[in-house]
1. What are the ³J(HN,Hα) values, in whole Hz, obtained from phi via the Karplus relation 6.51 cos²θ - 1.76 cosθ + 1.60 with θ = phi - 60°, for each residue of the range A:87-100 in sequence order, with x given for Gly and Pro?
2. For the range B:103-248, take every pair of Cα atoms, bin their distances at 5 Å starting from 0, and report each bin as a whole percent.
3. Can you tell me the length gained on complete extension of the stretch residue A:138 to residue A:625, counting 0.36 nm per residue apart and subtracting the Cα distance?
4. Taking the Cβ-Cβ separation of residue B:118 and residue B:47 as r and a Förster radius of 25 Å, what is the calculated FRET efficiency to the nearest 0.05?
5. Spin-label point model (7 Å from Cα, Cβ direction): what's the residue A:277 to residue B:178 distance in nm?
6. Residue A:685 to residue A:20: extension gain in nm, 0.36 nm per residue of separation minus the Cα-Cα distance?
7. Which lysines have a Cα less than 23 Å from the Cα of residue A:643, not counting those fewer than 8 places away in the same chain?
8. Could you put A:630, A:493, B:50 in order, starting from the residue whose Cβ has the fewest other Cβ atoms within 10 Å?
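None of the figures in this text is laboratory data; all of them are computed from the coordinates on show. Small disclaimer: the values here were computed from a predicted structure and weren't measured. Neighbour counts run over all protein chains shown; Cβ positions are idealised from the backbone, glycine included.
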Amino acid sequence: MCTQLNIVAQQPDFENLKSKTDPYLQFNDVTEHNNIVWFVTNNGVYKSSNSKIKLVVKQENLVRFIKVDQQLFVWSIYGEFFELKKKQLIPKKFNSAVSKHLKNKIINSVIYHNNTFWISTVIGGGIIQVDQKTQELKTIELQAEYPCYVVPFGNKYLSGNNANSTKKQLAINLNPTSLYVPLAENLNFSKTNLIKLTDGTFIFTRQHEAIRFNNTKVLNRIFIEKNIERVYQDREGKIWFALNGGGVTCFANGNFVSSNATKYLGNKTVISIAQDKKGNMWFGTSGDGVYRLNKTIELTYNSPKIFSTTNDKTEEIKSVYVLSDLPSIDENSKVLRTDLSKNDTIPPVVFINNIKINGLDTVVLNYYELNHHENTLEINISGVFGGDSELQYKYILEGKDVDWNYTANTNMYYTALQPGNYTFKIVAMSDGGVWSRVPAVITFTITPPFYSSFWFIFSILFLIIAVVLIIVFITFRKAQKRKELFEEDKRKLLISELHALRSQMNPHFIFNTLSSIQSFITKNNSKEAVHYLSKFSKLMRATLENTQKQKIPIKDEIASLELYMDLEKLRLNNKFSYQIIIDESIDVQFEEIPPLLLQPYIENAIWHGISNKEGTGIIKVSFKLENETLLKCEVEDDGVGRKKATEMKSTQFNHQKKNKSLGMSITKDRLEIINSLKGSQLNINIVDLENKGLPTGTKIEIFIPLD
Amino acid sequence: MFKTIIVDDEKGCRDTLENLLQEIPEINVVAIVDSIALAQEAITNLQPQLVFLDIEMPGGTGFELLEKISPINFEIIFTTAYDQYAIKAIKYSALDYLLKPIDPDELAKTIQRFSVKKHDQDLINNKFKTLLNNINGETTHQKIAIPDDQGLSFIKITDILRFQSDGSYTYMYTVGKTKPTLISKPIGDYQEMLTNEQFIRIHRSHLVNLQHVTRYDKGEGGFALMSDNSKVEVSRRKKNEFIEALSSL
């Protein structure tokens, strides 16, 4: 809880003192008493001390000070009276009649005059006089249900209330007669002030209006753009208006006065003003602490005389002055002067009284920046002009409305506004058909939620693009790599195909076959010689042609294998016979396989299975569809079996040794590459055939993908 | 007995063929020559019914002989050791050929076919015309002999949309004809012949001309849409090969 205010800003001619813990302290009143400046806040009573302001006593609901016979009193909004004594608030006791009257009342104003408290109340509007010493209720003057305002007036008092609830009129009760002052709006529970000036005239303020009058007539009426919180006359006679959201404005000898006060207080909400004996001005704010200004440097503007602090009898009240944007009042255009005598031709002026955002009051500003959920606005306006007839208004919310709206209502509602830029404009029309010269304008921006803000969308978009690019890049890289691998595999396949060609064009096979044919010739068996030579040339031709192709029909491969086995049979003097079994479901013309895959295994079966065997052997080559996309080829021999073949190889020089392993490993490599190209996983199985523990041959299973 | 002339520049080949033909009673070799010029002379003088003509010879290919002799009122069996281009052209023209070294069994079969064949002069002329067209003409004007009920017709390969098998018969669809031609040969024969001409076997039953594929519709295997708006099924296993072939067009 705030107990102390310190200087937060300082210039040679001013200080701003503020509480760090409770910056929103409201300084409802300020006064000097016993050479000390005292403050009434919503938190309690404070006093100034050595460039600091310290909490004296804590109490809520206090409104203003009142001086009672050299003693300082404070009163609360609920009609409690306290004497400030030795850092304590001692409640002032009234008798039961007074207590009864003040019960459940809201106090509007209190004055102390002639040993009497004059207490005016808002609820059950009336004025009572309470004797300070006897604490007795002296008189009750119930006037109306509307607020009353009371100021000393000679030996009596002056009070104000609305003369008629249906009329916007203030009745100044100048006993025994009344002075009626037209008002812009009906009196209500808004902040009012009524003070007596040093020249014996009075000023009544309420919202935008300030009315100066004497006991017979209204002298001046002025309108100020901002709501008037407080009016104060200093010892030099200057009249200060404390404004809600408008700092202060000041008049000296009827002219505007600009000073460092108007400069420093800018658009702050000032709610209390006092001058100390040294001539320093003290300004209490709502939310900005306390300002103390040393003797002010003043600039007087040669504007039309608006206020006279002397009772200038020659000045007839015939004008209404509307002041807007006071700090820059030197621009004459901002001062609107209208002729009271021609009420209907006076352009009315519109003020924005209040803006509720999401139902909460705000300080009226020209520009608001709202976030996306602050999207419900209630705008309350006042239209003023010389006459007392009803005003008509037209308003538009640029950014939402497409056309002007017409109404006599003074509240405008906007709900669920979308993010965007808006300008609210309102003008009034008198019943004489004259429109305001200048509309009241508020602009505001509702910022979109972060997730629809440009930067957010941009970032998300950027992110998405980045992710997409990365994915594309990665995919591209992968594809590239895959392609590289694919190309590499293709290259390897080509090489291995060349190797396969080499293995089929095995020199041993070629020259030994030619030798066998030669033997027919030497034996004059030219028929056989020609027969085998044809086979040999066909095999050579087929090998040459087939190795140019990636795939050949199974039919062609079988034809080559037959030629090959026929020639090997010739070499081995019919040591073996062969069978080629093709499953009926295979379309040998349609189904294609890589060429020369099987020959090395057949060669192996002949030279390692059969050739080492005693007697004749048989080689079975079969083709089956393992499934729709997989061809199973089997090369089965009834030879000596792998184990024995290996033993025999190791003990004898065998010309086939090297070539055997080469040819088969080439097929294996080729199948691996084909698998890698197709993404399939297949292998070559070698099955050792046995019968009762004795080897009966070898079976090779080769799986070839068909697609 | 058919009067026969052997034309070959290599002595070994001439001798082998002569020896092999001696075994065949229908054949009477009346001349053996080693050049185009001598062949022309021999043919003019002897009026043979059959000529074995080697394709690769110094001083002109066997095909040049055809251009010099008119009319060709004899049958020719071409012989070649290894000339894929020539073999293709001969096959398209439905002419006979033998590969060297000559297989006596194939020789016997070829002679057998020759001896039972009707020797229709128009047909012979057409075959040679087609052959010369295929040898000398633009690749886009290649023609292929298609056997039909009239004998043979010679169809521009680029006009063939596709083949569809029906057992051992084949339907051929061509541009501008709503009805397919029924061919009494299996589809594999045409696959063999036309694989290098941008034909692809996309299905057990379908051999299509890639030039006439207008679109590919995805599916298990998918469908090829042809220029005549027919829809041809693609075998699942041939899908990748087909797409690859399409994209490399």
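1. Coupling constants for the range A:87-100: 6, 10, 10, 9, x, 8, 8, 10, 6, 5, 5, 5, 4, 5 Hz.
2. Over the range B:103-248, the share of Cα pairs per 5 Å bin runs 2, 9, 16, 19, 19, 15, 9, 5, 4, 1, 0 percent.
3. Gain on stretching residue A:138 to residue A:625: 163.0 nm.
4. Given R0 = 25 Å and the Cβ-Cβ separation, E is 0.85.
5. 12.5
6. Stretched out fully, the residue A:685 to residue A:20 stretch lengthens by 230.6 nm.
7. Here the lysines satisfying the reach criterion relative to residue A:643 are A:575, A:613, A:620, A:657, A:658, A:660, A:668, A:692, A:699.
8. A:630, A:493, B:50
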